[in-house]
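Readers should treat all values here as calculations from the given coordinates under stated rules, not as data from a laboratory. The shown structure was predicted, so the numbers you read here are calculated from the model rather than taken from an experiment. Positions of Cβ are generated from backbone atoms using ideal geometry, with glycine treated the same way; all protein chains shown enter the neighbour counts.
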Amino acid sequence: MFGFFTQRCDICGNLLKRTFHRWEINGRKMRACSHCNAKLEKAKSKQAFDSPDTLGAKKSSGGCLKWAFILAGAIVAMFIGVGIISVMTAQPKPDIGSGHSPESATATAMQQMPVFSSVDDAQRAAVLRYPELGRQGSEFNKKFLDRRKEYLASKPEYFKDTSWPMRLAEEIAISK
C-alpha cells in the first residue's frame, strides 16, 4: 500500500509530485506545490524589500546593502581620480581663432590621431565621430568627397596612410 497515498497542495489543491515545500502560514504548517512555493517566495521577498524601516534590505542581512554602497563609492572615487589626473595631464588645445592657420591646427590634431589597421576601420571611426559624414548629400559629406577628389589629383601620397579618411574628416571639421 505504500506510494498509493496521494498528497495535495494545501493552498491550491493540485497533486504534489515528487517534491513539495513546507510553509507556516497563520501558525499552521502547510504543504505547497512548486508553483505555490514560487508565489510565496516572491511575496516574502517583496514584503522584505517594501519595509520602510530597512530601505529595501533586511536588518539581518544589511551587510549586503552596505557593501553595495561601499563599492559604488569606490567606483565613483576612482572615476573622479581618473578625471583629475586626465585634467592635470591634458595637453592644451590649439587656439584656432588666434591667427593660427587651419593647416597648423590640422597638424596638431594629426599628431594625436590613432593609427588604423585598414582604411575601412578609419572610415568607420570617421563616420562614428562625424555622423553627418555618413549621410549622403549632407554638406559635410559633399566637402569630404570634393576634397578627396582634389587630393587624388594633387596629392596621391596622402592616400598611402590607412588613416586618411579620419585625417580628411578632421580637416573638414576644422575648416568649418
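Counted by neighbouring Cβ atoms within 10 Å, the residues 144, 49 run from fewest to most as 49, 144.
Full extension of the chain between residue 155 and residue 31 yields a length gain of 36.2 nm, computed as 0.36 nm times the residue separation minus the alpha carbon distance.
Given their separation in residues at 0.36 nm each and the Cα-Cα distance between them, residue 124 and residue 139 gain 3.6 nm when the chain is fully extended.
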